[in-house]
Structures are given as C-alpha cells and as structure tokens.
Amino acid sequence: MEGQALAGVVEEFAPDAVITSEPNDTRLCIGQRGRAKLWARVIGRACHAGHARAGLNAVEALAALVDEARRVEHPTHSKLGRRDLTCIDIASWPYPSVSTVPGKAEARFDCRFLPGETPASIIELLHACGAHAWRGWAEQPTLEVGLVGAEFATWTGARFAADEFAAAWWMDADGSVVRSAQAAMVDAGLDPTPTHYSFCTNGSLTAGLLGIPTLGFGVGVESMAHQVDEHVTLESLRAGARGYAALTDHLTVRPTGS
C-alpha cells in the first residue's frame, strides 16, 4: 500500500521535494517501474466430465490466457527496462472437483509497468491477451479483469483500503532537483550517477500520482530488503548520514542572511 501512510504527511506539509529512504546502497535514485496486482476471472460452463464437450472448461481457457500473457511483446524504457507481466497464482471452482468440468477459474497477475501507464491500460492488456488466446474458439468464455484490493489495519485501529496500483515515475536527469542532488552526492563523497529502484517505493505516490519532485536515497543494500537477516552496515550508516546532510543543504532554500 505504497503511499497510504505518507499521503497524510504530504497533505500536511506540502513539500517542494521528497526524498524516499528505501535502501539503495546510498545511491541517487530518480525513478522506478510501477506495480499493479490484477485478477483475471474466466467464466465457462460447468458440466459432468463424462460429457466434457457439453461444457466450457474455464481452466483450459485460463491456461490459454496465461500462456498468451507470457508471449506479450512489452515496451521498454531506456533506463527502467522492460514491462513485465507475471502470473502469480491460480484457482478454479468447484474445488476439489469431483468429475466436474470447472465453470470458473481465476488467476492473479503482477505487472511491473512503465511511466505513463494507467489502471485502464493494464486491465486492457489482459483483455487483449484473452481475445488473442481464444481466437478461433467455437465458443468464447467470459473474461472479467480488475485490480486486486488491499486492506490494512494499523496498531491504532486505523484502517486503509486501496487498489493494488502504484504508479511508475521517472525524474528528468537534467532537472534542477536532480542536479542539486548530484552536487550533494559529490560533497558527501558519494557516487552522483543517477540510478533507479528495482522495486516499488513511496515515490509512486509523491512523484507518480502527485507530481512532486522525488529522489531516492537510503542506507542498506536494495537486494537484501524484505529478507531474513536484512541489516545495515556501519559504513553504510555513516555514508547515509553524510548524504542526508548534503541533500538537506543543497535542496533547502535558505533566506538571505540566515
């Protein structure tokens, strides 16, 4: 639920720029792919497996859709790489089946997409997969596609609900915010070369949805995030302290004479 907790802070303080602190080896990140989780539900027609041709097998139809999704030619961003569409689980009904051709099957997909894509464009991508997968079938199943909903309750009892869609974002490498941040990295003795996150961050809210200039800079190793024994070295912590101080110095506008 990237950005849900941060949204209140952004509304309260109306920042001119945001630094998200997800781990990235104390590098300067200026973008990421987006993340969407979708469900694709195929409705067929159940019947006795002894008369299988009287039904419309939803599992077979869904299998064809998943195979088609693997074959999609995805667009590529010069820095962020390729869009990915991955089937992450499947279920069918009735389950367990007792000699019944399944009348309903559902898959969930994880899509890592590029700047400019919307919930509607991602949903249409799966509809197009179905139309292509079932071309030539004597009878077409029904396909329903939507975004998976996420719900979360905090320890205080506050509840949040949101669709699983986190926007992609990319900062102009020649823009003033990035150039100031690069100067800060040089002052801190760190690599000023812009890079990007491989996973999703709160920048999906600030940059992707709200259009606020956003940078990523964090201690710790990105590939170690969300793993057992994730840790931060003292060297990384010290580098992070230098980096945050320099970023604050370069990105904060000081009144004359202060």
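Results, tabulated for the structure shown:
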{"item": "Sum of -39500 (n - 2.57) over DSSP H runs of 4+, divided by residues of the chain (222 nm, nearest 500)", "result": "-8500 deg cm²/dmol"}
{"item": "Exposure ranking of R242, R135, R108 by accessible area [1.4 Å probe, largest first]", "result": "R135, R242, R108"}
{"item": "Rounded tilt (10° steps) of 234-251 against the dominant C-alpha axis of the chain", "result": "70 degrees"}
{"item": "Carbon + sulfur, % of accessible area of the chain - ligands and nucleic acids excluded, 1.4 Å", "result": "53 percent"}
{"item": "The chain: most fluctuating residue of T154, T206, T142 per GNM, C-alpha cutoff 10 Å", "result": "T154"}
{"item": "FRET efficiency for A183 and T233, using Cβ-Cβ distance with R0 set to 35 Å, rounded to 0.05", "result": "0.85"}
{"item": "Long-range amide H partners of A150 with built H, under 5 Å", "result": "A162, D163, E164"}
{"item": "Tilt relative to the chain, helix 4-13 - C-alpha long axis, 0 to 90 degrees, to 10", "result": "40 degrees"}
{"item": "Karplus-derived HN-Hα couplings along segment 148-162 (A = 6.51, B = -1.76, C = 1.60, θ = phi - 60°), whole Hz, x at Gly and Pro", "result": "5, x, 10, 10, 8, 10, 7, 5, 7, x, 5, 10, 10, 9, 7"}
{"item": "Difference of contour (0.36 nm per residue) and Cα-Cα distance, Y95 to A128", "result": "9.1 nm"}
{"item": "Alpha carbon centroid spacing (whole Å) that separates segment 100-116 from segment 149-228", "result": "27 Å"}
{"item": "Segment 93-175: mean projected area of Cα convex hull, nm²", "result": "10.4 nm²"}
{"item": "Residues with amide H under 5 Å from that of L28, placed H, sequence gap 5 or more", "result": "T195"}
{"item": "Calculated log10 I(q)/I(0) by the Debye sum over Cα atoms at q = 0.10, 0.13, 0.17 Å⁻¹ (choose from [x] -0.63, -0.90, -1.25; [y] -0.54, -0.86, -1.30; [z] -0.41, -0.73, -1.42), label", "result": "[x]"}
{"item": "Nearest 10 degrees, 0 to 90: helix 58-70 Cα axis against the chain principal axis", "result": "40 degrees"}
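The values are calculated or read from the model by the stated rules, or taken from the named source; none is laboratory data. Please read these numbers as outputs of a predicted model, since none were measured by experiment. Virtual Cβ from ideal backbone geometry, glycine too; neighbours counted across all protein chains shown. Protein only, heavy atoms only, side chains kept; ligands, DNA and RNA dropped before computing areas. Shrake-Rupley method; radii C 1.70, N 1.55, O 1.52, S 1.80 Å.
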